[in-house]
Amino acid sequence: MHIMWFTERSYHYDPEKEPEKLRELETEVIRHRSFFGLRNELFDAKLGSELLNQFLDEKIYSDELGFDGVMLNEHHGTPFCLGAVMDVEAAVLAKTTRRVKIVLLGNPVPTVGNPVRLAEELAMIDLISRGRLVPGWVRGAGSEQFANNANPANNRELFEEGIDLIIKAWTQPGPFRYEGKHFHFRFVNPWVLPLQKPHPPIWIPGLVSPDTVKWCAQKRFPYVALATKLEPTVELWNMYTQQAAREGYQAGTENFGYLQPVFVADTQEKAEELGKRFMFGGAFAHFARPEWMFPPGYNSKEATRRLARLNNGPNLPGKPIHAAGGDEDDAQIEAIRKAIYEGYPQSRKDLQMIAGTPDSVIPQLRKVLEVLRPGIFSFWIDGPIPPKDRMRCVELLGKEVMPRVREIGKELDLVDPFERAPGSTPLAASSEPEPVANAEALAAL
Amino acid sequence: MAEKVSGFTEETVKVGATSLVVLKGGSGKPLLVLHEELGFPGWLRWNAEMAKNRTLLIPMHPGFGRTEKAEWISSVRDLAGFHSRYLREQKLAGIDVIGFSFGGWVAAEMAANDPNLFRRMVLVAPTGIRPPNGELRDMFVTPARVYLSASVRNPAATAEFGALFGGDETPEQFEAFEDARAEVARLAWQPYMHNPSLPHLLEGVSGLPTLLLWGREDGVVPLSAGEVYQRALKDSRLVVFDNCGHRPEVEKTSEFVAQVNEFLA
């Protein structure tokens, strides 16, 4: 089992030192109905500098604690995530850590726009880290298309073609000429190539988009579900497994990963108090407004049809918490804020947040692992939390929670992609594949 | 979309590999109607008025939901080439044309490439040229309904607009808008909704009388773009409606129909 942890690296004030500023920032997000697009005159570069260093220090400490990986991501134009160019952070970690895998979930290929440049950046990270890179790819959230002016109507084509070109640039002897539909290069011949051969292992994160899940199964890329609700995640696991069977292999735990929001502290009370801060500003439900989450042509026709009929979908990114017009008075803002935090008990009930002492979180983590059986598991720590409490959480996860999760992983035979290559278990054409997720465990919850 | 079904029939015409859906209504000399960026809004009062003495031919742009998408069309100039082929193959060259907003841009591209395709051209607040003052309203950063509301000066006081787009958005409407928005993004995401070479090519058009119709308070394509169109097209006249937004055909129907009828007579 591969165990790592993740944080969005959100822009926030220390709630103990500057509670009023933190509250004002949240008010701005609620009023704007979105983290994305919040006016950037609110950005304090000094704070940004402190936070980015803090986040890197946490990752470096994780290396000492024995985590298998550290996971990064990338978002643009939003206080939700300070990692605007994730490869820069990855480059720092390549040199300042020794053992951990540097897991990038993922680089937004369509919005970066130059796959050959990406191939070179990532090859350098793999070389400097001496072969510890796990690159992953994303289409980029809808809002990312605006932040980079990438044509959303070409998003999936850019994604698939871009990835093919990156892998070609790594594996096909150059120089060669590339004439695709969207990308055209006279001379592909990167001198700097990855250390891992034929190329670094690729994982794909997602929010249970069926198109991406099927594509991953075809490519034999492990699929990492980003804190999605358990029931639709099981459905998507099954879809992957069925597609894998059509491709002639039996999917296993090595094909799946899961990201789990957690908060661990020395007392239950403290963990709950800090865990609740995950809801800050509406969390992912306020990531971006629907019209920015779903720009024109970004979704397939099938997904649009589903969206048109889905008024109260669970975990729908960009589902507005409120639909008002940005002219709410203070009382209305307070009512919205209250409603946001009132959602916390339900998120605990749904295991969308697991908070507590190391002892109390283990049985809940076991439930998630029993249902989804992921070979890759990532903790997710977020919310405006004082640096010392974040660091303590990382420490407790590394010293007390991780060893026990590892034991559960062994007991449940949760093999990871380094132990067994994804797609390496053949399946005869006529046979029905074994499901990887455990539907009975889900029903028993 | 809220469509008044009466008034037209639907036919399919093969253009290359594409089965083009054409709505057809009225009687008399044919008039080509090129629809706007959110699709064909439906058979409206102005259609009924014009259909009294003209046969309206309304091709549904490929990829907007009604006609299948043609993968090779990747720019508005390509789309103009597609419609030009349709006219030539159907022996319709020399037809009169009226284009609305995005459809006006398509018509202008067709004329720039071959002025003989049309006898007379009416452009109603066409996109396609970057206005020297103001900005083309970006249809991609807001929901379709917000963009629509900005297209008339006073939505509440424009009855036909309310009949078309009022009430709750249905799933079918949402899907139709998303089809249209996706295809327009494919063709006109960047540079947004215009082609910098268009004014230069329009300067080469001669022998094509053109009527430019604009609302003075157009909130989608600022009037200054109309002035550029007027200067570029030698044989053109710009008529501006006061107290009117981007949809004079809906906001000022009687005056609109009178202007168009007089010009096309």
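Every read-out reported here was derived from the displayed coordinates using simple, explicitly stated rules and does not represent laboratory data. Source: prediction; values computed, not measured. When we count neighbours, we look across all protein chains shown, and the Cβ atoms used for this are built from the backbone with ideal geometry, even at glycine.
Of note:
- Rounded to 5, percent antiparallel among DSSP beta bridges of the protein assembly as shown: 25
- For the stretch A:124-139, putting each phi into the Karplus relation 6.51 cos²θ - 1.76 cosθ + 1.60 with θ = phi - 60° gives couplings of 5, 5, 5, 5, 5, 7, 6, x, 10, 7, 10, x, x, 10, 10, 7 Hz, in residue order, rounded to whole numbers and with x for Gly and Pro.
- Three-way shape call for the stretch B:168-245 based on the alpha-carbon gyration tensor, with the a/c threshold at 1.5: oblate
- Within straight-line reach of B:LYS29, meaning a Cα separation under 30 Å, sit the following lysines at least 8 residues removed in sequence or on another chain: B:LYS4, B:LYS14, B:LYS52, B:LYS69, B:LYS91, B:LYS234, B:LYS252.
- Spherically averaged projected area of the stretch B:1-128 from its Cα convex hull (nm²): 7.0
- Three-way shape call for the stretch A:2-443 based on the alpha-carbon gyration tensor, with the a/c threshold at 1.5: rounded
- At q = 0.13, 0.15, 0.17 Å⁻¹ the log10 of I(q)/I(0) for the stretch A:1-98 amounts to -0.51, -0.66, -0.81, computed by Debye summation with a single uniform scatterer per C-alpha, solvent ignored.
- Among B:GLU175, B:GLU71, B:GLU135, the largest mean-square fluctuation in a Gaussian network model of chain B, built with springs joining Cα atoms closer than 10 Å, belongs to B:GLU71.
- Peptide A:149-157, shielding by other chains (average Cβ, 10 Å cutoff): 4
- Each of A:LYS46, A:LYS214 has some number of other Cβ atoms within 10 Å of its Cβ, and from fewest to most they run A:LYS46, A:LYS214.
- Nearest-20 debye value, chain A charge dipole, Cβ charges on Lys, Arg, Asp, Glu: 1080
- Footprinting exposure proxy ranking of A:LYS59, A:LYS219, fewest other C-beta atoms within 10 angstrom first, gives A:LYS219, A:LYS59.
- Cα centroid separation - the stretch A:48-102 against the stretch A:325-356, whole Å: 28
- Alpha-carbon centroids, the stretch B:35-72 and the stretch B:112-128: separation in whole Å: 16
- Stokes-Einstein D (µm²/s) once Rh is taken as the Kirkwood radius of the stretch B:9-264 over alpha-carbon pairs, at 10 °C in 1.306 mPa s: 88
- Sorted fewest first by neighbouring Cβ atoms within 10 angstrom, A:SER300, A:SER34 come out as A:SER300, A:SER34.
- The stretch A:2-443, relative contact order [Cα under 8 Å, separation at least 6], %: 21
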